[in-house]
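Any read-out appearing in this document is the output of simple, stated calculations on the displayed coordinates, not a laboratory observation. Since we're looking at a predicted model, the values are computed, not measured. Cβ: placed from backbone, ideal geometry, glycine included. Neighbour counts: every protein chain shown.
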Amino acid sequence: MALLEIRNVTRRFGDFKAVDAVSFSIEAGEFFTLLGPSGCGKTTILRMIAGFDDPDAGVMLLDGQPLTGIPPERRPVHTVFQSYALFPHMTVAGNIAFPLEMAGKSRDEIARRVAETLALVHLEDKGGSYPHELSGGQKQRVALARGLVNRPRLLLLDEPLGALDAKLRVEMQSELITLQREVGITFVFVTHSQQEALALSHRIAVMNRGRIEQLDEPDKLYGLPANRFVADFIGKINLIEVEVAAASKVLLTLKAAGLGEIAAADARPLQPGERGCFALRPEQIRVYGRKESADLKNRFDGSVKELLYLGDVTHYKVVLANGFAIEALMPNAAPGRAKFHEVGDAVTVCWRHDAGIFLRD
Amino acid sequence: MRVEPPPPPTPRPGGGGDGGSPPISGSTRLARPGGGARLWLWAASLGVYAFLYLPLAVVVLFSFNDSVLNAEWVGFTTRWYDRLLHDGDMLQAAANSLLIAMVSSSVATLLGAMAGIAMQRYRPRLLPFLALTPVAMPEILLGVSLLLFFRQVLDLTLGLTSILIAHVTFSIGFVAVIVRSRLAGMDESIFEAARDLGATPWATFRRITLPLILPALAAGFLMAFTLSIDDFVITFFVAGVGVVTLPLQIYSMIKVAVTPEVNAVSTLLMLLTLSVVILAARFAPDTLKAKA
Ligand SMILES: Nc1ncnc2c1ncn2[C@@H]1O[C@H](COP(=O)(O)OP(=O)(O)OP(=O)(O)O)[C@@H](O)[C@H]1O
Ligand SMILES: [Mg+2]
């Protein structure tokens, strides 16, 4: 049985549906992420799970029991707030002890668990400090410790890394993974950073306008996006407008206006004339000089419009015959000065026939 | 601070006190004026301070003067204070004032805190106006309307109860504003965090809200206390004949003459108010501004 099951949950604010018939379930021990642009309903879902808001329709089951009518303090669910929400008049140890005190634990147990949890987040020497004496990253750790200390069934984290600078963010990301593995508590993580979601999660639900567009493992989301929104939201991608020209069992021929035919692989039964877009990741594309040969099915001529040298890789923007600017990413893997193209160079972009995918509209 | 010593009749000395003090904050410091302009500024502020505090100083000085006349310095004495201690009417008035101040500021603190919390939490539109109107209303108007209300509508016999109700009425707003401004500076999610971590609404109030607003409650209480203890206008209307407070007693005494005894009691009242205000300022440094 799933730890948390959400069935057809809807939350309206006036006429506006902040959460629209959302269903998903989370297994115990999972690192589950809700990912989506600002205003897509992520926080609203967390608030309903925590008990600060109620669904207008649908059910939420925790361990098979409906959550309806149970106040926040009686749910075995704790939250790490984006603003940390540490109690300013209590020390770090006092903050972490709070959930244990509320649960009526004994004094000895509280002392022991607080010490353990402080060690878990590497703040052994900060127990006596007040929140205003801590750095952003330390506050973050205290908030995490406070959420974890009483072993909730579910820990909700609402953009917990949003307020940290880039370097600290990356550090905390790997700490979060380690921490979650160590304590074995189920995490429901909210972010609008796709990079963060990909790095941390077991599974990700990509949300848009109150709905779940796709729910999958990170590599599936990246490699096989279900639709235009997901393809565009996760990572960089080229979306080329196409129409199905011919479809056999394995080979799909697409027609792109002003460009010609694109060969692709697709096992779905598609009909000629279907419209959609062809989605292709920049790192799947090779950029060659006109004279160089490459034994790849898809070859299109163009010229380099922009390039961005980043050391390990170079980003190219190549304008094709139909005016479409395709983005490509080439690793500078050869030793010595890598041979790269200059702006204005005539080049050929190529990719394998199974490099991209066709997304039906 | 409405410390109004009878002689000479200066309009609300304390009210302008804040305006005269130099800016403390360095963030909005203006360029310093040079030469002659500077001299003028000094002279002007010296003049303002003189008008504010000289009369008070005179009252204090003459309360120790060994002469029944407030005319010239004769010699040092404490006999006026001694006489105060044996003046039955005066002691009764002081006891009344203290009792009224204690009770009314306690009640005002309780109700004002509730109003302040509600204002911050539920953002009602009407409540701030309702709580603050008595603060802004001219005292004479409040006095007259309370008198009419007690007599015509409630048919209440004027006395301790009517004074208490009146004092609570004009103090609530101050407490509410102080409590609200304290809460406004706080991250609201801490209250949700407490619930989330297992605290019932009551436990959340006791462990989180109450400790955090405690300084505001103390400041609000002390503020209400000073307002009550030196209120004259409103008390004058709603006191009736039976109960006399300290300001009423002083007023009835100076109708005859400004005796050194009046100076002595004024000095004591001033001392009390001043220490309470200083105490309040320590609890919440921004309360004085809230009152101004
Ligand atoms: N109490 C409310 N009253 C009215 N509208 C609300 C309320 N709470 C949220 N909304 C609306 O619901 C939508 C979803 O809000 P939510 O806070 O869940 O977004 P989010 O995905 O968490 O966004 P962000 O990434 O910016 O935090 C928003 O359009 C928001 O304006
Ligand atoms: Mg949000």
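Need one number: % antiparallel among DSSP beta bridges in the protein assembly as shown, to the nearest 5.
Once the DSSP bridges in the protein assembly as shown are tallied, antiparallel ones form about 80 percent.
Report the label-to-label distance for B:SER145 and A:ASP54 in nanometres (one decimal), using points 7 Å from each Cα along the Cα→Cβ vector.
Taking the two extended label points, one gets 4.0 nm.
Label A:HIS353 and B:TYR53 with points 7 Å out from Cα along Cα→Cβ: what is the distance between them in nm?
9.6 nm
Grab the Cα-Cα distance for A:LYS17 and A:ARG181, subtract it from 0.36 nm times how many residues apart they are, and report the gain in nm with one decimal.
Full extension of this stretch gives 55.5 nm more.
Limiting things to C-alpha atoms, what are the Rg and the maximum Cα-Cα separation (Dmax) for region A:201-342, in angstroms?
Both quantities, over Cα of region A:201-342: 16.9, 50 Å.
Mind sorting B:TRP40, B:TRP202 by how few other Cβ atoms lie within 10 Å of their own Cβ, fewest first?
Ascending number of Cβ neighbours within 10 Å: B:TRP202, B:TRP40.
Roughly how crowded by other chains is peptide B:196-209, in terms of the mean Cβ count from those chains within 10 Å of each of its Cβ atoms?
6
If the cut-off is a Cα-Cα distance under 19 Å, which lysines reach A:LYS249, setting aside same-chain residues fewer than 8 apart in sequence?
Output for A:LYS249: A:LYS297.
When Cβ neighbours within 10 Å are restricted to other protein chains, what is their mean count per residue of peptide A:75-81?
3
Could you put B:PHE174, B:PHE129 in order, starting from the residue whose Cβ has the fewest other Cβ atoms within 10 Å?
Fewest-to-most ranking of B:PHE174, B:PHE129: B:PHE129, B:PHE174.
Is there a simple number for the mean count of other chain Cβ atoms within 10 Å of the Cβ of residues in B:185-194, and what is it?
What the average comes to for B:185-194 is 6.
Counting pairs of Cα atoms in chain A, how many percent are more than 31 Å apart?
Here the long-distance tail beyond 31 Å is 49 percent of all Cα pairs in chain A.
Which lysines have a Cα lying under 20 Å from the Cα of A:LYS305, excluding residues fewer than 8 positions away in the same chain?
A:LYS236, A:LYS291, A:LYS317, A:LYS339
Please compute one quarter of the surface area of the Cα convex hull for the protein assembly as shown and express it in square nanometres.
Mean projected area for the protein assembly as shown: 46.9 nm², to one decimal.
Report the antiparallel proportion of the DSSP beta bridges in region A:4-231 as a percent, rounded to a multiple of 5.
50 percent
Cα-based Rg of chain B per 2.2 N^0.38 Å, rounded to two decimals?
My calculation over the Cα atoms of chain B gives 1.16.
I need the calculated FRET efficiency for the pair A:LYS220 and B:LEU127, taking r as the beta carbon distance and R₀ as 51 Å, to the nearest 0.05.
E(calc), rounded to 0.05, equals 0.45.
Once you mark the GluC sites (Glu not before Pro) that are in a DSSP loop and have at most 15 other Cβ atoms within 10 Å, what is the longest gap between them in chain B?
B:73-187
At a Förster radius of 35 Å, what calculated FRET efficiency corresponds to the Cβ-Cβ distance of B:VAL233 and B:LEU39, to the nearest 0.05?
That gives a FRET efficiency of 0.30.
Are there any GluC sites (Glu not before Pro) in region A:203-307 that are in a DSSP loop and have at most 12 other Cβ atoms within 10 Å? List them by number.
Filter output for region A:203-307: A:GLU292.
At most 11 other Cβ atoms within 10 Å and a DSSP loop assignment: could you name the trypsin sites (Lys or Arg not before Pro) in region B:106-154 that fit?
B:ARG125
Suppose R0 equals 45 Å; then what is the FRET efficiency for A:ASP108 and B:VAL103 from their Cβ-Cβ distance, rounded to the nearest 0.05?
0.50
Over chain B, what relative contact order in percent results from Cα pairs under 8 Å that are six or more residues apart?
This gives 28 percent for chain B.
Can you give the relative contact order of region B:171-292 as a percent, counting alpha carbon pairs under 8 Å and 6+ residues apart?
Result for region B:171-292 is 36 percent.
Given 25 °C and 0.890 mPa s, how large is the Stokes-Einstein diffusion coefficient of region A:244-322 in µm²/s, with Rh as the Kirkwood radius over Cα pairs?
Translational D for this selection: 168 µm²/s.
Would you mind ranking A:ARG107, B:ARG207 by Cβ crowding within 10 Å, fewest neighbours first?
Fewest-to-most ranking of A:ARG107, B:ARG207: A:ARG107, B:ARG207.
Taking only C-alpha pairs under 8 Å that are 6+ residues apart, what is the relative contact order of chain A in percent?
Computed value for chain A: 15 percent relative contact order.
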